[in-house]
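Visitor: Here you go, one structure.
What follows draws every value from the coordinates through simple rules; no lab data is involved. All figures in this text were calculated on a predicted structure; none of them were measured in a lab. Glycine also receives a Cβ, built like all others from the backbone with ideal geometry; neighbour counts cover every protein chain displayed.
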Amino acid sequence: MFRKFKGISTMTRPTFIAHCTDDNRFQSVHDHLWAVKNLCETYAEPLHLSHVAGLAGWLHDAGKYAQTFQDYINKSHDGDPNTHPGQVNHAFAGARLLGAFLNQNFDDDAIYLSELIENVVMAHHNAGGPYDYVTPTSGESPFLQRQSQKIKDWTISEIKQHFFEDFSQASFEAYLDEAIHEVSMIPDKQQETQENFYLRYIASCLIDADHLETGDFMVGKTTQQESQGASLDALCRINEEKAALQARQNATDTTSGQGMINRLRGEMSQYCLAAGQADQGIYSLSVPTGGGKTLAGLRFALNQCVTHYLDHIIIVSPYTTIIEQNTRAIRQRLDIEPSDRSTVLEYHSAIGNDQVEQDDPKNDRYYYARDTWDAPIIMTTQVAYLNALYGRGSKNLRHMHRMVNSVVIFDEIQSMPTKAVEMNNVAMNWLAHEGKSTLLLCTATQPSLSHDVLPIGIDAPKEIIPDIPSVETAFKRTELVDHTAKVWELDDLMNGLKSELTRVSSVLAVMNTKKAARQAFQQFNELNLDVKGYHLSTAMCAAHRKKVIKAIRENLKNQMPVVVFSTQLIEAGVDLSFGSVFRSLAGIDSVIQAAGRCNRNHETKIG
C-alpha cells in the first residue's frame, strides 16, 4: 500500500537541525524524529509492535540534540572543509537515553525491549545491520562492546535535557509502557528463539522509515503516493472474472489435447481458489509441470490476501528469465500495462533504469516501490529474498518488514540452493507462525523439508491438490526412455538427435554442466544440418538469454526445426515445449522437470 506522509521543513535554521540542503532548507530534529516515529508505527502495525518500532524511530537520531553535532552540521552547511560525515557519533545517544530509563527496571519484558531498541538504534547506520549479541568464533559480544563504549561527543544529561525540551517526558514514559506491553505479548519461547527476526524486523521498519523520510526532505517532495494502480481486492476481482471466462472457453474445446490440458489446469485453479479462502499457513502446490502453477498460485495468493487482509504478494523465483516470463503472464492476466512497474514490481538485476525511463518517464512511483517493496505484487529472485532476510546493507534490510502479513510464493522451491535450505526453513517458520504470512511452495517435485527429515525443518505443508497420483496420470504427456545402460559420448548424442529429428521438429538436450552444453552445441553446429541450433547457459548474461529464449519460442511457434542445448536453467519453469528431450543422467526430480519441457501443451498424444 502507498501511504502519504509529509514532514515539516523550515527556511530558518531551527535550534536543533537534523538535515539541511544546499538551497537553505532546514529540518528540525523534532520534526524528523516525529515523522520517522509515525512511519515506524504504521510499518509495525501488522505484528502489533507499533510502539516498539515507533520507539526506535523516536530515539534513533536523539544524538543530534548534542551541541557537538549542531556545531558540525552548521559548519558543514557553511562549507567548513574540516568537517566530514560521521565525525560525531549521534547514533548511540538514543540507546543510552532509553537505557537511562530502563536501567532500574529488571522486568524481563523491559530488558528484552531494551536489547531490541538499543541494538537497532545504535546500528541504524551500520552496514551489517543490528550487532551480534555473541560472535560464534570468539564468544565476544559486539552489542555489549558498543553498549559500554565511551562517547566523548555528548553526555546523556545533555541529550535528555534537549530531548525533553522538544517532547513531553510524561508522554514518552507512557509510550514506553505501551512498548513494554507489546513485547510482553510475545510468548517467552518466541522471545528466546526468534529474537534475531524480531530484531531485524524492527531494524527494517526503522531503516525504511528513516531513508524514506530523509530522502523526501532532501529532494523536497513526497515520494509516497496513493496507488494509482489497482488494489489487491480489485486485482482479485479481475482475476476471478478472467478465471470464469477461461472456464467457459475450456468447456467448449472437448476434443483437442490443448483443450484437455486447459480443463485440467482449470481444475487446479479451482483447488487453489478453495485453499485461498481457507486458513493461513504453509501450503504446497504439487501440480505436474505444465499444470498452470503460475496462474493457479496467483489465484490462491489473491484470495488469501482478500480473505485475511494481507498486504503484498511476493513471488520468489530462481532465475530472472522465469521472473520475466511469469511477470508477462501475470500482467496480461490482470490487465496491467507493461509500463506499470509499481503494481507488479520486478526486482532483479536485469531491470535497468534506462529501460524504466523509456517505458514511463513519470516513474517516481516505480522508484518508490523498488526501494521500499511497497507494491501489491513483487516478483524477485531467491538471492534478493534471502538478502532481505539475512543480507548486509540498508537496501536489503529495509525490504524485510514487507514480508510480514503477506503471501510469499516460492516458485520452483526445489531449486533453493542446498546450503540455504535450512536457513530458509528458519525464516519460513517465523514468517508463517509469527509473521502472519501465508507461504506457498510450488513445484512438480516437492523437496522434503519437514522436521522428520532435516535438523531444521518446517511443519508439513498443507497440499492443495487432493489426489496427486490421479492428477499426475491425467497430466501424463511423456514417456521416459532409459538409455543409461551405455555411457554416451557426444557422437552418440548427435546420432540420437538426428534420429529424433526424423519424427519431430524440435529437440531439447539438457546437460549437467556449462562446459558440456557448450561442447554439444559446438559439435552439433559442425554437422551442418538444416536445423537451427541454440545454446542456453547461466554463463550468458540475462539480456542474451532473454534474446535467445525469444528466438527459440518464435521457432517453436512457427514449427521450424530447432535443437536447443541447455544447462538445468531451462528446467525451472521455462515455458517452452519440445517434441523430444534428452537429459544427462541426474536425480529423478531433474528428470521430471526436464520432461515438463516435452509435449508441454499436449501437442501430440505422447512425447
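Visitor: Sorted by average packing, counted as other Cβ atoms within 10 angstrom per residue and highest first, what order do 64-70, 420-426 take?
Guide: Packing proxy ranking, top to bottom: 64-70, 420-426.
Visitor: Take every Cα pair under 8 Å in segment 246-381 that's 6+ residues apart, average their separations, divide by the length, and report that relative contact order as a whole percent.
Guide: Relative contact order here is 23 percent.
Visitor: Using Cβ contacts closer than 10 Å as the measure, can you line up Glu571, Glu267 from fewest to most?
Guide: Glu267, Glu571
Visitor: Which helices, taking whole DSSP H runs in the chain, have alpha carbons extending 27 angstrom or more along the helix axis plus mean Kyte-Doolittle at least -1.0? Show your work: numbers first, answer last.
Guide: Details: long enough: 195-219 (36 Å, 0.20); 232-252 (30 Å, -0.51); 257-276 (28 Å, -0.24).
Flagged H segments are 195-219, 232-252, 257-276.
Visitor: Follow-up question, since we're still on this one. Please arrange His348, His84, His19 by how many other C-beta atoms lie within 10 Å of their C-beta, fewest to most.
Guide: Details: His348 17, His84 9, His19 21.
So the residues, fewest neighbours to most, are His84, His348, His19.
Visitor: For a quick size check, give me the Cα extents of segment 437-537 along its three principal axes, largest first, whole Å.
Guide: Largest to smallest, the principal-axis extents are 54, 32, 32 Å.
Visitor: So, by mean Cβ neighbours within 10 angstrom, what's the order for 291-299, 304-312, 105-113 with the highest one leading?
Guide: By packing density, highest mean first, the sequence is 291-299, 304-312, 105-113.
Visitor: Just to confirm the filter: which trypsin sites (Lys or Arg not before Pro) across segment 148-177 are DSSP coil and have at most 10 other Cβ within 10 angstrom of their Cβ? Each step should come with its number before you reach the end.
Guide: Values: sites: Lys150, Lys152, Lys160; in loops: Lys150, Lys152.
Filter output for segment 148-177: Lys150, Lys152.
Visitor: May I ask you to derive the relative contact order of segment 91-222, considering only C-alpha pairs under 8 Å and at least 6 residues apart, and to give it as an integer percent?
Guide: Relative contact order of segment 91-222: 28 percent.
Visitor: Still on this structure, I have one more. So what is the diffusion coefficient of the chain in µm² per second by Stokes-Einstein at 37 °C and 0.692 mPa s, using a Kirkwood Rh over Cα pairs? It would help to have the intermediate numbers written out before the result.
Guide: On the way: Rh = 26.8 Å.
Result for D is 123 µm²/s.
Visitor: So which GluC sites (Glu not before Pro) in segment 453-489 are both in a DSSP loop and have at most 12 other Cβ atoms within 10 Å of their Cβ? Please list the in-between numbers first.
Guide: On the way: sites: Glu463, Glu472, Glu479, Glu489; in loops: Glu479, Glu489.
The qualifying sites are Glu479, Glu489.
Visitor: Given contacts defined as C-alpha pairs under 8 Å and at least six residues apart, what's the relative contact order of the chain, whole-number percent?
Guide: 13 percent
Visitor: May I ask you to work out the translational diffusion coefficient for segment 1-154 at 10 °C, viscosity 1.306 mPa s, via Stokes-Einstein with Rh from the Kirkwood sum over Cα pairs, reported in whole µm²/s? Could you put the intermediate results ahead of the total?
Guide: Details: Rh = 17.0 Å.
The Stokes-Einstein estimate is 94 µm²/s.
Visitor: Pull up the DSSP beta bridges for the chain and report the antiparallel fraction as a percent, rounded to 5.
Guide: Working: 4 of 45 bridges.
Close to 10 percent.
Visitor: Here's something else I'd like to know. Could you give the length gained on full extension between Cys541 and Tyr309, defined as 0.36 nm per residue of separation minus the Cα-Cα distance, in nm?
Guide: Length difference between fully extended and current span is 79.6 nm.
Visitor: Provide the net charge surrounding Gly579, with neighbours chosen by a C-beta distance below 11 Å and charges set as Lys +1, Arg +1, Asp -1, Glu -1.
Guide: Net charge around Gly579: +1.
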